[in-house]
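Values in this text are rule-based calculations from the coordinates and carry no lab data. These figures come from a predicted structure and were not determined experimentally. We place every Cβ from the backbone using ideal geometry, glycine too, and count neighbours over all the protein chains shown.
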Amino acid sequence: MWQFTHILKKELKDYFISPIAYIVISIFLIITGWFFFSTFFLYDQANMRGFFSLLPIIFAFVIPAITMRLFAEELNMGSYEILLTMPVTFSDIIFGKFAAGFIMTGAMLLLTLAYPISIAFIGDLDWGPVIGGYLGALLLGGTFSAIGVFASSLTHNQIIAFILGAAICFALTLIDKMLFFFPESILNFVEYLGADFHFRNVARGIIDSRDLIYFISIIFISLYSTYLALQKKE
Amino acid sequence: MIHVENLTKYYDNFCAVDQLNIEINKGEILGLLGPNGAGKTTTLKMLTGYSKPSSGTIQVNDYNIENNPLEIKQMIGYLPESSPFYKDMLVYDYLEYVSKIKGIKPSDRHPRLRYLADLCGLNHIMHKAIGELSKGLNQRVGLAHAMMNDPEILILDEPTQGLDPNQIVEIRHIIKKIGQEKTVIFSTHILSEAEATCDRIIIINRGKIVADGNTADLKQAADQKTIIQLSLLNAETEFVQKTLTAIEGINQVEQIGLTDDGVLNIKAYSNSTEDLREKIYKAIKATDWVIIEFLQEAKTLETIFRDLTRQIN
C-alpha cells in the first residue's frame with residue numbers, strides 16, 4: 001500500500017544528492033526573478049501579477065527538465081528490470097515518481113515565497129490573489145509533472161524525453177493564445193484545453209470546479225498513459 | 001514448487017522460447033545451459049515476472065504469475081545478467097532501499113544488511129558509489145540484492161560472468177550453501193561451473209529443452225560413441241587401417257594427419273560399450289609400430305553439450 005513512498009524517497013534523494021535539483025532550482029529562480037523584477041518597479045504596484053503571468057511558460061520547460069530522468073534513465077541503465085522484479089506494482093512506481101517530480105516543483109515554488117514576503121515589506125500586498133496564484137501554480141506544476149513523467153516513460157533518451165515533455169507543456173500553455181487560428185464553432189473547446197486559461201482563472205482567486213476538473217483529469221490521463229506505455233514495454 | 005507449462009515467448013516473429021515444460025522442486029540447484037541466444041535469459045525473465053509470456057503458464061506454489069505477480073516477486077530473488085543498478089547510489093543506500101521495498105521490518109534491516117555484507121564480502125565497499133565498482137564487486141552487490149529478503153527461490157542470470165577465478169569459487173560456494181535450503185536456478189554457458197554446482201542440468205537450444213537431468217544422466221543418455229586417438233611412429237596408413245578394423249567392435253578408422261617426423265595420427269570409432277583399449281594394445285604389440293600417444297576421449301559435459309546443440313542446427 002505504502003510501497004510508493006520508498007520509491008518517492010529514493011527519487012527525492014537522487015535529486016538532492018546529485019546537482020540536478022540545485023541547478024534546476026537556481027535557473028528557475030534566476031529566470032523568474034529577473035523577468036519579474038525587471039518590470040516590477042516600473043509598474044509601481046504591490047502585486048504578483050507579473051510573476052504569475054510568466055510562470056506557465058517557465059514551468060513548461062523547467063518541469064520537463066526535472067521529470068525527464070524519472071523513467072528514461074532507468075530504461076537506459078536497465079535498472080528498470082530490477083525495479084519490476086521487486087514486489088511493487090506499476091501504480092507504486094508511477095505514483096512514486098510523479099510525486100517526486102511534484103514535490104521538486106513544490107520546493108521551487110516554496111523558494112519564490114521570498115518575493116511576496118519582500119513585496120509585503122515595501123508595499124501593501126493583497127494576499128488573496130497571491131494565495132490563489134500559488135494554488136494555481138501547484139495545480140499547474142502537478143499537471144506538467146504528470147506530462148513530464150509520461151514523456152519520460154516513452155523513451156530511453158533523456159533529451160528526447162525533455163523535448164517531448166516541453167513540447168506538450170508549451171502547446172497546452174500557448175493554445176489559448178492561438179484562438180484566432182481556429183473556427184468559431186470549436187473556440188470554446190480549444191480554450192478549455194489551454195492550461196494557461198485555467199491557471200489564470202485559479203490565479204485570479206476564483207476556484208471553479210471546471211478548472212479543478214481540468215487539472216485533475218490531465219494528471220489522470222497522463223499517468224494512465226504512462227501506465228499503458230510501461231505495460232507495452234518488456 | 002515451480003511448475004512451468006507450455007511456456008512460449010515470441011519477439012515479433014522470432015520464437016525465443018518454444019513450449020517449455022519444466023517442473024522444479026524445492027531445494028534443487030538447477031543449471032540452465034545453452035548457447036548464446038538459446039532463450040535462457042528470456043526464460044528467467046519470464047519466471048521473475050518481468051517479461052510476459054506469449055502463452056503458457058508459470059505456477060509457483062499455489063500462485064499464478066498472471067494473477068499474483070506480487071506474491072511471486074516477494075518469493076523470488078533475482079540477479080539480472082549485467083547487474084544494472086543505480087550508479088549514483090552508495091552501496092549501503094542502495095541495499096537499504098531494497099530492504100525497504102522488499103518489506104523488511106525496520107528493526108531487522110540493520111542486522112540483515114550486516115549479514116549480507118559479510119556473506120558477499122561487501123564490508124569494505126559499503127560507502128562507495130555503485131558506479132565506481134568493478135564488475136566483480138558489482139556482481140556481489142547484485143547477489144546481496146537478490147538475497148535481501150531471504151527468498152525461497154533465487155534466480156541468477158550468469159552469476160559468475162566477469163569474475164576472477166577466486167571470486168568464481170566463492171560465488172559457487174555461496175550458491176551451494178544457499179542451495180541446501182532454497183531453490184536456485186541459474187543460467188550459464190560455462191559447463192564446468194554447471195557440473196560443479198548443479199543438482200540438475202537443463203540444456204536448451206533454440207527455445208527448446210534438448211536435455212534434462214543430472215550430469216550422470218546426461219552422460220548416459222548421450223550418444224554411446226567412443227573415440228580412441230592414436231599417434232603411431234613407423235606405421236603405414238593402409239596397414240594400420242586393416243589391423244584396427246579387424247578388431248571386433250571398431251567400425252571406422254580415420255586418418256587425421258601425418259607429420260613430417262613420420263607420426264601418423266588416427267582416430268578409431270566404436271559403438272560398443274566394451275572397453276577396446278586392451279585389444280588395440282595387443283594388436284599393436286604384434287607389430288613394430290611405436291606408440292607415441294594413446295587416448296580414449298572421455299565423454300565430458302562439453303562434448304555432450306556440443307552434440308546436443310549442434311544436432312538441431
Quiz item: Based on the Cβ-Cβ distance of B:Asp275 and B:Ile190, what FRET efficiency does E = 1/(1 + (r/R0)^6) give at R0 = 25 Å, to the nearest 0.05?
Solution: 0.25
Quiz prompt | Interchain or long-range residues, amide H under 5 Å from B:Ala211's placed H | solution = B:Ile203
Quiz item: If you plug each phi of the stretch B:37-42 into the Karplus form 6.51 cos²θ - 1.76 cosθ + 1.60 with θ = phi - 60°, what whole-Hz ³J(HN,Hα) values come out, in order, with x for Gly and Pro?
Solution: x, 7, x, 5, 4, 4
Exercise. Using the Karplus curve 6.51 cos²θ - 1.76 cosθ + 1.60 with θ = phi - 60°, work out ³J(HN,Hα) for each residue of the stretch B:48-56 in order, rounded to whole Hz, and write x for Gly and Pro.
Key: 7, x, 6, 10, 8, x, 6, 7, x
Self-check item: Sorted by Cβ density within 10 Å, fewest first, the residues A:Ser209, A:Ser38, A:Ser222, B:Ser272
Solution: A:Ser209, A:Ser38, B:Ser272, A:Ser222
Practice problem: Classify the stretch A:88-234 as rounded, prolate or oblate, taking a ≥ b ≥ c as the square roots of the eigenvalues of its Cα gyration tensor: rounded when a/c is under 1.5, otherwise prolate if a/b is larger than b/c and oblate if not. | Solution: oblate
Quiz item: Cα centroids of the stretch B:96-112 and the stretch A:175-224: how far apart, whole angstrom?
Solution: 45
Exercise. Quick one: what are the phi-derived ³J(HN,Hα) couplings along the stretch A:94-99, Karplus 6.51/-1.76/1.60 with θ = phi - 60°, whole Hz, x for glycine and proline?
Key: 5, 5, x, 6, 4, 4
Quiz prompt | Added length on full extension, which subtracts the Cα-Cα distance from 0.36 nm per residue, B:Gln252 to B:His3 | solution = 85.1 nm
Quiz item: Using helices alone, what [θ] at 222 nm do you get for chain A, with -39,500 (n - 2.57) per DSSP H run of 4 or more residues, divided over all residues and rounded to the nearest 500?
Solution: -26500 deg cm²/dmol
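What does the helix-only formula give at 222 nm for chain B: each DSSP H stretch with n ≥ 4 adding -39500 (n - 2.57), the total divided by the residues, and the result rounded to the nearest 500 deg cm²/dmol?
Rounded to the nearest 500, it is -10500 deg cm²/dmol.
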Quiz item: Quick one: length gained pulling A:Ser118 to A:Leu179 fully straight, 0.36 nm per residue minus the C-alpha distance?
Solution: 18.3 nm
Quiz item: Among the DSSP beta bridges whose two residues both lie in chain B, what percent are antiparallel, rounded to the nearest 5?
Solution: 70
Quiz item: What is the antiparallel percent of DSSP beta bridges lying wholly in the protein assembly as shown, to the nearest 5?
Solution: 70
Quiz item: Along the Cα-to-Cβ line of B:Phe14, 7 Å from the Cα, sits a label point; which residues in the stretch B:31-58 have backbone N less than 14 Å from it?
Solution: B:36-43
Self-check item: Three-way shape call for the stretch B:226-312 based on the alpha-carbon gyration tensor, with the a/c threshold at 1.5
Solution: prolate
